[in-house]
Each structure stands twice: as C-alpha cells, then as structure tokens.
1. Just one of 69, 101, 85 is of a type in the set (Gly, Ala, Ser) and outside any strand (DSSP E or B); which is it?
2. With (1) closer than 22 Å to residue 58 by Cβ; (2) not assigned by TED's automatic domain parsing to the domain that holds residue 73 as the list, and residue 160 as the residue in question, which single condition is left unmet?
3. Looking only at segment 16-32, decide whether some residue is of a type in the set (A, V, I, L, M, F, W, C), in contact with a Lys or Arg (Cβ under 6 Å, 6 or more places away or on another chain) and touching a residue at least 24 places away in the same chain (Cβ under 8 Å).
4. Say we look at segment 140-159 and pick out the residues that are within 19 Å of residue 217 (Cβ to Cβ) and in contact (Cβ under 8 Å) with a residue 60 or more places away in the chain; which of these is surrounded by the fewest Cβ atoms within 10 Å (Cβ to Cβ)?
5. Taking the criterion of being within 23 Å of the chain's Cα centre (by Cα), under 22 Å from residue 31 (Cβ atoms), touching a residue at least 60 places away in the same chain (Cβ under 8 Å) and part of a helix (DSSP H, G or I), would at least one residue in segment 110-128 satisfy it?
6. How many of the residues in segment 50-66 are in a strand (DSSP E or B) and in contact (Cβ under 8 Å) with a residue 40 or more places away in the chain?
7. In segment 185-234, what residues are under 19 Å from residue 168 (Cβ atoms) and of a type in the set (D, E, K, R)?
Amino acid sequence: MAVLTSQQINRYYESFKDVSVTFTKEVTANLKLLPNHVFLKCQGTQWPGIIYSTSMVGAKIIVNMDQNAFKLTRDANNLVALRFAFSIEDKKDKLLFFVSAKISGYNPYNKDKPNLNFINLVYTKRPPDDLIAILGQMLEINVNSKRRTSERIDINNDSIRILGLISKNAKLSLAGIPRNCIVRDISFSGAKLILPGIAKFLNDKECILGMVAKENKVFALKGKVIRVETVADRKDIAVLAIKFDENSIPMDYKKMINDYITVKHNVSSIKI
C-alpha cells in the first residue's frame, strides 16, 4: 500500500466516508482482505465473522452467535470491536487492526442456521487510517475510471516508466490467434494499437489485449475492435481502436492508470 499523507487520508474520509464497499470475491482479492482472520470481539470473547460490506462509518457482517453471545453483547451495551486483517504486498506480516463499533441491529441470515446472523455495526469513532486508506484508494480509482474514462495516455519512454510497463510491445488475441502489436495509447476504457498486416476485416471483433508490467504482472484486457484506421502509404500496417469490456477490467489495471493520472496531473478525489 502506498504511503499517504494525513491530508490525503482526511480527503478520502471526507469524500467517501458514507460510501459502502461490498466485499465480492474480486474486491476481497484486490484489497487483499484475509477473511479467515476477521473477528467480532466483545469483552474478551471473539467470534469469526464474514465482512459483507463496510464504509468508513459502519459495517455489515455475518457472524455465528448464539443466545449466550447476544447476552454478552447486551451486557456490554452492544459495544464490540471488529478486527480487520489484510495481507501486505511483498511482506510476510499481516496488517491487523480493530475498529470500535456498536451493534445497531441484526437479522437471521439463514433460517436453517438460527445462530447465523446478519449484524449491522456503527463505528463509534473514526476508523484507523489504514482502513480509510485501503477503502479510499479503491473508491478514488472507481470514481476516476468513470469521470476520466476517455483520457488518453500516449505510450512513450516517459509514460512506460511511470506506468511500470515493460515496453510498448503487446499481444492482441483475435479469434484465439495471438498477434504482435504496438500500443500507441491507453485509457481506463480502451486502447489504440498498431498492428502489422491487413486489418480491415477485424472491425467489430472480440479480442484480448495482453500487456506486461514489472514484476511479471500481466494484464488481460477483454474488449472489442471498434474502429480500424489505415496508415498513409503503408498498406501493411493498420491502427486498431479497441474498447474494453467495462465489467472485466482488472482493478490492478485501473490502479495503474489512476496512479499515472495522479502523478502527472495531480488529480484529487472527486466528492460524490
């Protein structure tokens, strides 16, 4: 996780504190949440839990709690603590912290499992900066990917270095056949490629663009060819414009584009 200033942390909190993040399989993987290390704790007793969603002011979790557990929380005036656990890139240590909260309500989660409950939590104070940073960075990426969806990044030596790409060379898979290509520019939503060969029959074709970044990170971007342009006096070369499938764009790719825009243009979060 990138080192953030207190000003950035405060900006994330003010912009996104009420925005709830649902922990789908993709979100869990991207945020590197460790589900097996999540607990709800009260008066020294803890129960394993599943985080369904969280914002910076509250959470919804699924916990197996019997009547004795609920009596314990009632005796504590419903004051509890939710433990988050995340893995840290390139480190063996886990990022562990508690968020103070109060149970505001609960409902049975599964009628066949009466002790399994859907618990609503309200945080009793501002959560740790680590949680604000983790949620804020992802939410900022999602905002910028929609608001700045068509902003183009020319691929040259300078942008390759900042983006962390290996080179402008890439692979474009069309009808299952990989073709070498050169990336001319990229954005949150698409790319423009230079492709050897006659490409006039490639318009409107499904494709996958493969780009390689440092540390052997590979982006597989599904999309469709939406335009084919010719190059003057070069019948053996074509320029393809592709539009990515919005629902399958990897979060790591969005983060790469967002980091570049932030570095080059000092783009701040947009309040929503």
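The values are calculated or read from the model by the stated rules, or taken from the named source; none is laboratory data. All figures in this text were calculated on a predicted structure; none of them were measured in a lab. Quick reminder, even Gly has a Cβ in these numbers, built from the backbone with ideal geometry, and neighbours come from all protein chains shown.
1. The match here is 69.
2. Going through the list (1) closer than 22 Å to residue 58 by Cβ; (2) not assigned by TED's automatic domain parsing to the domain that holds residue 73, residue 160 breaks only (1).
3. No, the conditions are met nowhere in segment 16-32.
4. The selected residue is 159.
5. no
6. Going through segment 50-66 one residue at a time, the tally reaches 9.
7. Across segment 185-234, the qualifying residues are 185, 192, 214, 215, 217, 229, 234.
To keep it simple, each residue is scored yes or no on (1) in the same structural domain as residue 39 (by TED's automatic domain parsing); (2) surrounded by 13 or more Cβ atoms within 10 Å (Cβ to Cβ); (3) at pLDDT 95 or above; (4) in contact with a strand residue (DSSP E or B) (Cβ under 8 Å, 6 or more places away or on another chain).
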| residue | (1), (2), (3), (4) |
| --- | --- |
| 75 | yes, no, yes, no |
| 82 | yes, yes, yes, yes |
| 85 | yes, yes, yes, yes |
| 97 | yes, yes, yes, yes |
| 103 | yes, yes, yes, yes |
| 107 | yes, no, no, yes |
| 110 | yes, no, no, yes |
| 117 | yes, yes, no, yes |
